[in-house]
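Every number in this text was worked out from the coordinates using simple rules, so none of it is lab data. No experiment lies behind these values; they were computed from the predicted model shown. For neighbour counting, all protein chains shown are included, and Cβ atoms are generated from backbone atoms with ideal geometry for every residue, glycine included.
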Amino acid sequence: MSDSQSSPRALAARDVAHRYDGVLALDRASISVGATRALALVGESGSGKTTLLRCFNRMVDPDSGTVEVGGIGARSQPVIALRRHIGYVPQDGGLLPHWRVLRNVALVPRLLQMDDPEAAAAQALRIVGLSVDTFGTRYPHELSGGQRQRVALARALAARPGVILLDEPFAALDAITRANVYEVFQDVRRELPMTMLLVTHDLAEAAHLADEIAVMRSGRVEQQGTMLDLHSAPATTYVAALIARAVATSAHLVAT
Amino acid sequence: MRNRVSLPVPALLRVLGVVLPLLVLAPLATDVHGQTSGTATPSSRVAPRDPSDYPVVVASKPFGESYLLCEMFAQLLEAHGIAVTRRPGLGATEVAFGALRRNDIDVYPEYTGTGLIAILHDSTADSLARDSRAVYDRVARTFTSRYGVRWLPPLGFQNTYAIAVRRSTAERYHLHTLSDLAREGAHLVAGFTPDFIGRSDGLPGLARVYGLHLRAVRPLAPAVKYAALADGAIDVADGYSTDGLLARYDLVTLVDDRHFFPPYEAAALISPRLARDRPDAVAVLALLSGRLDEARMRQLNQRLEVGGEDVRHVAADALSELGLTSAHGSSAPSLASDPHAPFWRYMWDRRATIGALTLRHLFLVLAGLGAAILVALPLGLALERAPNAAEPVVRMLGVIQTVPSIAMLAFMIPLFGIGTVPALVALWLYALYPIARNTYTAVRDADPGAVEAAEALGTTPMQRLLWVRLPLAAPVIMAGIRTAAVITVGAATLAAFIGAGGLGEPIVAGLALADTRMILSGALPAAALALVVDGLLALVERAVTPVAG
């Protein structure tokens, strides 16, 4: 594992377009995330945010445009090595159901032939606040939803990647569990410097976890900026309406 | 003078009847003496002297009289010190004759009419119909020139098709002849063997010659047919004139007043290789020519089919009555077959045989299934990688699955002959589909979320297969193997039709002899075997199931 791969790397997509079976999923989308920064992709279902996320670990190779990881074109990097140095947390956790927790978390260290994959896995479990002794030998189906997502997070972190991709990792959790996992998540960010790309349909979550927000609609990025930027200078009426709705919701919550 | 001339005529015929076969056999007989000169008695021959000294494979078709004649051939050969292998109950005419042509079997009892119509498909049959000698000459000549197969001189009796009705039906509709039957056909329901329904010397011919049209025709197995007739479920059935079962159920046979059925003289049919290299065996088999008349045959068939006596016992008695074996020389172990003994006793008496058949059955199942796993598992995995080929291939395997077992076994004969090899190939073909299909779909559909995450984290396709997809697919693959195993246990019972042995032997023989206990002595162990195999595989399935989710 070279330093350049494990240290936080910048992510960039420029004019990326992609079709699935003729249906336009990405329409010249562009974003950029500085090293160690966190960007949230926000949008409705079908807005292309997951497709854009998957361009960075080459689960999607877009039809056109450029995708860069660490300033180098993703397509010019060997796909297996690229993926092993990018953490990934899917919405359902994607844990291997027939492997115990410790083995699941040790997957990438093992793929990278690190000296002691299980030690790396144990440390990652500690970082997400799970005791190895209690959880290491459990199977995924013996965990609660929140525990499962934390294990998935630990698996994504275990090899200390410089980049982590999260695809709606908290969508299926109840509000209290989610608040817990947010805390864990922020602890992790403090402990491990990483560049982060988060897909969510929840603007509040995006504001809570990310430094910047990119609003997506119909395969395009309408605007990228901080929450303040989006609020004070919305680039489109869609962004303005989205922010207004979110503010109204939170004002309502504050009022009651 | 006239008297003196006329008197010897029957005697002359009788002499000719003996001499003609001898003339036919003369060159062979010389060889026999040449080979065995110096041997005090034929039975003292022990060690094989030349490569052609193989055990003679004696076979039969699956009905009572055929079993009996087969056993008589076998015991007669054994009494003359010739080693034999028994292959009784082979499928039907196509299977038995197909095997004989290929020298997979050496001799089986056949009927001249069947040879003429079912094998030669001779369209001139009608003109020959009344002349049994002409029919024999024609089949003997044609079989030799066309197949190298020899008909030995007839055994001495005819066993023609007989159309039977209940005595009460005959009285109610005044049925004596087939013409009477044609007149009343609209009131009557028939149950015929599928063979009879299809053969041109069967129902189609009857319809043509007599204008016979019945209210309904149901295809029925021989065993079921007579019981169905006796119970009134059907009114008309086909049978054989020497059938013991006709007497058992008090049935009336109708007269073939237009002489539709050709003569069915029974004779031993000899394989090309036996005719060529084994004059000793051929000469021994010819000892039976002309020795069995219809009365004796009917009586022997009744002992077998009505009395429920063991076929070996009946055959041994018949040979000793004919003076062809010494009374005590019979090697037939007399299985006390008391028809009133309780069923458990019947099974207990046959425990050694049943055990051996069960082991043989298990061997067929395990070998067929094992070979199928070796091929279907990699095939299923390959199909998952080639989705375009997958559906056509899986569908093709599915089509194989729909081929009836009997037809499948018949297809195997020209390719592999009879015995273990074609049976295993057929079982293998049947087992492929459930295993390949389950492997393909299980690997394809294995937990997409887990597979996708493993891919996104940098596993290679091979790692995903070995670490994720195969382990997750294992229970479904095992379920496919279990399905295949149960199918194979069932299909293997039909292997008896092509002489591969197994628990199908008593089932086929029991069906032919309408002997329920004999059927059960094969069917019950087969069912138990299916349960045991399925149970053991269920344990394997549990062991390979990754986690109880």
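Less than 15 Å Cβ to Cβ from residue A:208, Lys/Arg counted +1 and Asp/Glu -1: what total charge do the surrounding residues give?
Details: positive: A:178, A:189, A:190; negative: A:168, A:183, A:187, A:202, A:205, A:211, A:212.
For residues surrounding residue A:208, the net value is -4.
If you place +1 on the Cβ of every Lys and Arg and -1 on the Cβ of every Asp and Glu, how big does the dipole about the Cα centre of chain B come out, in debye to the nearest 20?
500 debye
Using the beta-carbon distance between residue A:20 and residue A:201 and R0 = 25 Å, what value does 1/(1 + (r/R0)^6) give for FRET efficiency, to the nearest 0.05?
On the way: r = 19 Å, r/R0 = 0.78.
Computed FRET efficiency for residue A:20 and residue A:201 comes out at 0.80.
Counting each DSSP H run of 4 or more residues in chain B as -39500 (n - 2.57), what helix-only mean residue ellipticity at 222 nm follows after dividing by all residues, to the nearest 500 deg cm²/dmol?
Computed ellipticity for chain B at 222 nm equals -19000 deg cm²/dmol.
Would you give the gap between the C-alpha center of the range B:209-271 and the C-alpha center of the range B:457-514, rounded to a whole Å?
Taking the Cα centre of the range B:457-514 as reference, the centre of the range B:209-271 is 39 Å away.
With just the Cα atoms defining each centre, how far is the range A:200-225 from the range A:129-167? Give it in Å.
About 25 Å separates the Cα centre of the range A:200-225 from the one of the range A:129-167.
Length gain on complete extension for the stretch residue B:173 to residue B:407, per 0.36 nm per residue less the alpha carbon to alpha carbon distance?
On the way: separation 234, 0.36 × 234 = 84.24 nm, distance 3.89 nm.
Result: 80.4 nm gained on full extension.
For an R0 of 35 angstrom, estimate the FRET efficiency from the Cβ-Cβ distance between residue B:147 and residue B:352 and round to the nearest 0.05.
The formula returns an efficiency of 0.35 here.
Can you tell me how much longer the chain between residue B:215 and residue B:363 gets when fully stretched, taken as 0.36 nm per residue apart minus their C-alpha distance, in nm with one decimal? Mind showing how you got there, number by number?
Details: separation 148, 0.36 × 148 = 53.28 nm, distance 4.64 nm.
Stretched out fully, the residue B:215 to residue B:363 stretch lengthens by 48.6 nm.
Would you please give the FRET efficiency between residue A:28 and residue A:137, computed as 1/(1 + (r/R0)^6) with r the Cβ-Cβ distance and R0 = 41 Å, to the nearest 0.05? Intermediate results must be reported in sequence, preceding the final value.
Values: r = 49 Å, r/R0 = 1.19.
Efficiency, from the Cβ-Cβ distance: 0.25.
State the percent of C-alpha pairs, over all pairs in the protein assembly as shown, separated by a distance greater than 34 angstrom.
Percent of Cα pairs beyond 34 Å in the protein assembly as shown: 65.
Based on the alpha carbon coordinates of chain B, what radius of gyration and maximum Cα-Cα distance (Dmax) apply, in Å?
Every Cα atom of chain B included, Rg and Dmax give 27.6, 115 Å.
Let me check I've understood the local charge: for residue B:99, count other residues with C-beta under 13 angstrom from its C-beta, Lys and Arg +1, Asp and Glu -1. What total comes out? Don't skip to the end; give the middle numbers.
Working: positive: B:61, B:87, B:101, B:102, B:273; negative: B:94, B:104, B:106, B:110.
Once all neighbours under 13 Å are counted, the net charge is +1.
Using a Gaussian network model of chain A with C-alpha springs under 10 Å, which one of A:199, A:128, A:79 is most mobile by mean-square fluctuation?
The residue with the greatest mean-square fluctuation here is A:79.
Could you tell me whether the range B:174-308 comes out rounded, prolate or oblate from its Cα gyration tensor? Rule is a ≥ b ≥ c as square roots of the eigenvalues, rounded for a/c under 1.5, then prolate if a/b exceeds b/c, otherwise oblate.
prolate
Rounded to the nearest 500, what is chain A's calculated 222 nm mean residue ellipticity when only DSSP H runs of at least 4 contribute -39500 (n - 2.57) each, over all residues?
Helix contribution divided over all residues of chain A: -11500 deg cm²/dmol.
What are the radius of gyration and Dmax of chain A, computed over its Cα atoms and given in Å?
18.2, 55
So, counting K/R as plus one and D/E as minus one, what does the shell of residues with Cβ under 12 Å around residue B:443 add up to? Numbers along the way, then the final one.
Details: positive: B:385, B:437, B:444, B:464, B:469; negative: B:384, B:445, B:447.
Result for the local shell: +2.
Please compute the Kirkwood hydrodynamic radius over the range B:349-544, one decimal place, Å, based on all pairs of different Cα atoms.
It works out to 17.9 Å.
Quickly work out the residue B:386-to-residue A:186 label distance, labels modelled 7 Å from Cα along the C-beta direction, and quote it in nm with one decimal.
My value for the distance between the label points is 5.7 nm.
How big is the C-alpha Rg of the range B:161-253 next to the rule-of-thumb value 2.2 N^0.38 Å, as a ratio?
For the range B:161-253, the normalised Cα radius of gyration comes out at 0.95.
Can you compute the equivalent ellipsoid semi-axes for the range A:177-232, i.e. the square root of 5 times each eigenvalue of the Cα gyration tensor, sorted largest first and rounded to whole Å?
That gives 22, 12, 11 Å for the three semi-axes.
Which one, B:237, B:153, A:171, is farthest towards the positive end of the dipole of the protein assembly as shown when Lys and Arg carry +1 and Asp and Glu -1 on their Cβ?
B:153
Please tell me the relative contact order of chain A in percent, rounded to the nearest whole number, where contacts are Cα pairs under 8 Å and at least six residues apart.
Contact order relative to length: 27 percent.
Could you state, as a whole-number percent, how many of the C-alpha pairs of the range A:94-160 are farther apart than 20 Å?
Tail of the P(r) past 20 Å holds 13 percent of the pairs.
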